[in-house]
Amino acid sequence: DLNYNELQEFPVAIRTLGRLQELGFHNNKISAIPERAFMGNPLLQTIAVTPVPRSLNGATDIQEFPDLKGTTSLEILTLTRAGIRLLPPGMCQQLPRLRVLELSHNQIEELPSLHRCQKLEEIGLQHNRIWEIGADTFSQLSSLRALDLSWNAIRSIHPEAFTTLRSLVKLDLTDNQLTTLPLAGLGGLKHLKLKGNLALSQAFSKDSFPELRILEVPYAYQCCAYGVCAGFFKASRQWGAEDFHLDDEEAAKRPLGLLAGHAESHYDLDLEELQLEMEDSKPHPSVQCSPIPGPFKPCEHLFESWGVRLAVWAIVLLSVLCNGLVLLSVFGGGPGPLPPVKFVVGAIAGANTLTGISCGLLASVDALTFGQFAQYGARWEMGLGCRATGFLAVLGSEASVLLLTLAAVQCSVSVSCVRAYGKAPSLGSVRAGALGCLALAGLAAALPLASVGEYGASPLCLPYAPPEGQPAALGFAVALVMMNSFCFLVVTGAYVKLYCDLPRADLEAVWDCAMVRHVAWLIFADGLLYCPVAFLSFASMLGLFPVTPEAVKSVLLVVLPLPACLNPLLYLLFNPHFRDDLRRLWACAGPPGPLAHAAAGELGKSSCDSTQALVSFSDVDLILEASEAGQPPGLETYGFPSMTLICQQPGGPRLEGGRFAEPEGTHFGNVQPSMDGELLLRAEGAASADRGLSVGRGFQPAGPAFASHL
């Protein structure tokens with residue numbers, strides 16, 4: 001026992017010990033083992049060498065495989081953390097009795113043929129740089145029972161690499177780069193570890209491994225063929241408890257503990273065989289497969305209930321159709337100026353459309369893989385389709401929240417600016433803010449593509465990790481929830497300030513009172529629906545109480561995208577601007593005569609807003625009839641209710657080129673500044689024909705142009 005010393009050179013006196021059977025000199029500073037160092041040790045059976053890592057005491061690596069000539073009795077060779085890059089081709093000729101070969105934590109890239117080491121029972125090559133397994137690498141090793149090739153860079157294994165391994169019961173290929181696993185010769189396996197091979201989506205059946213008892217695979221879908229087991233070994237402790245640990249009695253028999261610190265690298269095959277025999281003695285031995293399928297790793301259906309499936313399809317149809325209608329009415333309503341708040345509402349509809357498209361992709365995958373999702377689940381999670389779905393979902397949801405924040409802040413700031421300076425922020429500044437919101441949402445959606453978070457953590461392709469997700473993915477999800485929660489706090493504060501600064505009478509005088517009220521409804525609805533998402537995310541992170549995966553999945557599929565269809569419905573059903581925009585679209589698409597007359601007549605029957613007084617347009621029909629007949633009407637002959645003309649720009653309105661303008665120094669009624677520069681009409685009180693507002697003869701309308709503007 002020469003372990004834990006500071007030897008600088010290998011002691012050549014070792015060769016004089018003719019009866020030496022075990023030699024340990026790990027954790028020294030030996031940088032090289034001379035040739036023929038063991039020529040005088042014909043009975044040597046065990047060698048244990050592990051140099052101290054460079055980071056501990058500056059010891060150099062051995063790097064070269066030692067010359068083992070004369071050690072024909074050697075049975076156990078442990079040479080770890082030595083920086084060995086290459087194994088000599090004639091190694092097995094020098095070691096014909098070798099049973100255990102432990103070469104872990106080295107830098108081996110290629111393996112020679114080991115077919116002459118026919119007594120090998122265990123091989124440990126974990127934590128190396130091996131990239132390929134050839135056809136003759138392990139050929140004719142009929143006694144090999146345990147092979148550990150984990151934590152390498154193996155990309156390919158020859159189809160006949162394992163055909164002659166008739167005794168192999170354990171195979172560890174964890175954390176490699178395999179895309180397929182050859183099954184020939186692996187029928188006797190009882191332990192198989194394939195975790196970490198993310199490109200390996202190959203499906204395994206019970207017939208492939210009839211003797212298998214423990215299976216660890218990259219994806220839970222590969223366990224569907226073996227059923228869902230109630231009891232299973234955790235991956236972190238599965239093989240650790242079954243490794244080659246010497247018990248106290250066995251350790252006492254070892255002279256001076258020569259193999260101390262190295263026993264963990266070997267498998268206790270006798271103990272393992274006893275455990276497997278006990279398992280086989282059970283009436284119905286089952287395969288313990290991990291990870292276990294569940295709601296986030298389903299075997300048959302992506303949407304496991306018809307209620308969720310129908311709800312998702314309803315969200316898809318409503319969000320795409322209704323948001324498309326909102327976009328058409330907002331941005332295709334005519335050549336007139338677009339109010340800033342209305343522009344932001346249209347942008348929110350565009351973001352909600354992206355959310356609907358992402359839900360549509362998930363619903364399509366559920367329909368195409370109906371009853372057979374396990375066959376396609378791994379490829380779906382790894383594919384570009386899942387990443388695109390997750391990107392659209394995050395982009396749509398985050399853009400919607402940020403744009404809603406912009407709308408609330410714009411309303412509050414506009415009222416303050418109107419009261420203080422007499423004018424509201426321009427549409428250009430609002431457009432710049434909307435562009436910034438889209439850029440920030442795009443950045444948040446792109447982070448999982450750069451490995452900050454993960455879209456492929458579940459087949460839902462959302463960065464919101466399941467309850468047992470990775471800490472990094474869970475942290476990204478919580479960051480999104482915190483950002484959205486902050487946005488809703490800002491929105492709430494902005495609207496509280498808006499209602500406190502502006503009395504109710506002044507609020508009703510604002511032209512876009514309906515849009516301001518619509519944004520308030522959006523804030524209430526979206527904030528209420530986001531509460532379950534935020535609550536479950538924080539509860540999952542802090543472990544406040546157990547959250548069932550079924551509940552989390554239902555919330556992510558139904559509650560999270562629900563604002564995408566609720567927002568446009570609020571606009572279509574309760575906002576009068578939609579009806580006005582729809583009439584303008586209908587008027588522009590049809591003939592200018594009778595259609596415009598019908599639109600104007602219908603306009604007189606509807607109200608602009610529930611909070612605004614009705615304005616009588618009974619005389620509009622007469623104006624339209626006269627203008628369509630080619631007779632310019634004189635407005636002084638028609639009586640209008642007493643009303644207020646509210647204009648943002650100074651001066652009264654006049655008609656230039658079919659549009660209203662205002663000459664300087666002219667005002668009609670009580671002029672008040674508006675948020676969006678539109679001509680406003682508000683009833684002052686009970687109107688009668690003899691108490692009308694008469695407009696002078698110099699104000700000449702131009703037929704349908706005047707009618708459409710009015």
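The values are calculated or read from the model by the stated rules, or taken from the named source; none is laboratory data. Worth saying up front: this structure is predicted, and the values here are computed from it rather than measured. Methodologically, a virtual Cβ is constructed for each residue, glycine included, from the backbone with ideal geometry; neighbour enumeration extends over all protein chains shown. Side chains are part of the model used for accessible areas, which takes the heavy atoms of the whole protein and leaves out ligands, DNA and RNA. Shrake-Rupley method; radii C 1.70, N 1.55, O 1.52, S 1.80 Å.
Things worth noting here:
- Checklist (1) part of a helix (DSSP H, G or I); (2) among the hydroxyl-bearing types (Ser, Thr, Tyr); (3) buried (at least 20 other Cβ atoms within 10 Å of the Cβ) applied to TYR455, failing item: (1)
- Residue, modelled with the lowest pLDDT, within the stretch 25-46, restricted to residues that are among the polar types (S, T, N, Q) and part of a loop (DSSP other than H, G, I, E, B): SER31
- In summary, PRO425 fulfils each of the numbered conditions (1) under 23 Å from SER554 (Cα atoms); (2) in contact with a Ser or Thr (Cβ under 7 Å, 6 or more places away or on another chain) with the single exception of condition (1).
- ALA514 being modelled with pLDDT of 85 or more, under 25 Å from VAL409 (Cα atoms), surrounded by 14 or more Cβ atoms within 10 Å (Cβ to Cβ) and small (Gly, Ala, Ser): no
- Taking the criterion of being open to solvent by less than 20 Å² (accessible area, probe 1.4 Å) and out of contact with any Asp or Glu (no Cβ under 9 Å at 6 or more places or on another chain), the residues of the stretch 406-422 that qualify are ALA407, ALA408, GLN410.
- Flag not set for GLU277, criterion: modelled with pLDDT under 90, open to solvent by 70 Å² or more (accessible area, probe 1.4 Å) and under 23 Å from the mean Cα position of the chain (by Cα).
- Screening GLN107, GLN126, GLN93, GLN140 for residues that are in a loop (DSSP other than H, G, I, E, B) and open to solvent by 50 Å² or more (accessible area, probe 1.4 Å) leaves exactly one candidate, GLN140.
- All conditions in (1) open to solvent by 10 Å² or more (accessible area, probe 1.4 Å); (2) more than 29 Å from GLY442 (Cβ to Cβ); (3) touching a residue at least 60 places away in the same chain (Cβ under 8 Å) hold for ALA314, with the sole exception of (2).
- Check on SER412, touching a Lys or Arg at 6+ places or on another chain (Cβ under 6 Å), within 30 Å of ARG584 (Cβ to Cβ) and assigned to a helix (DSSP H, G or I): yes
- Scanning the stretch 514-568 for residues that are among the aromatic types (Phe, Trp, Tyr), within 23 Å of VAL394 (Cβ to Cβ) and touching a residue at least 24 places away in the same chain (Cβ under 8 Å) yields TYR530, PHE538.
- Any chance ILE357 is open to solvent by 30 Å² or more (accessible area, probe 1.4 Å) and either closer than 30 Å to LYS190 by Cβ or in contact with a strand residue (DSSP E or B) (Cβ under 6 Å, 6 or more places away or on another chain) (or both): no
- Flag if ALA393 is within 13 Å of the chain's Cα centre (by Cα) and among the hydrophobic types (A, V, I, L, M, F, W, C): yes
- Residue within the stretch 188-200 that is over 25 Å from GLN372 (Cα atoms), modelled with pLDDT of 90 or more and surrounded by fewer than 20 Cβ atoms within 10 Å (Cβ to Cβ) present: yes
- Every test in (1) closer than 22 Å to PRO340 by Cα; (2) surrounded by fewer than 18 Cβ atoms within 10 Å (Cβ to Cβ); (3) modelled with pLDDT of 90 or more is passed by LEU529 save one, and that test is (1).
- The set of residues in the stretch 143-165 that are open to solvent by less than 20 Å² (accessible area, probe 1.4 Å), in a loop (DSSP other than H, G, I, E, B) and not polar (S, T, N, Q) comprises LEU144, LEU149, ILE154, ALA161, PHE162, LEU165.
- Tally of residues being part of a loop (DSSP other than H, G, I, E, B) and open to solvent by less than 20 Å² (accessible area, probe 1.4 Å) across the stretch 166-177: 4
- Residue, farthest from ALA477 (Cα to Cα), within the stretch 553-581, restricted to residues that are open to solvent by less than 20 Å² (accessible area, probe 1.4 Å) and aliphatic (A, V, I, L, M): ALA564
- Within the stretch 193-221, being hydrophobic (A, V, I, L, M, F, W, C), in contact with an Asp or Glu (Cβ under 9 Å, 6 or more places away or on another chain) and farther than 17 Å from LEU171 by Cβ holds for no residue.
- Within the stretch 423-438, tally of residues that are part of a helix (DSSP H, G or I) and either over 15 Å from VAL344 (Cα atoms) or open to solvent by 70 Å² or more (accessible area, probe 1.4 Å) (or both): 3
- Residue identified as closer than 19 Å to ALA446 by Cα and either assigned to a helix (DSSP H, G or I) or at pLDDT 95 or above (or both) among SER358, SER364: SER358
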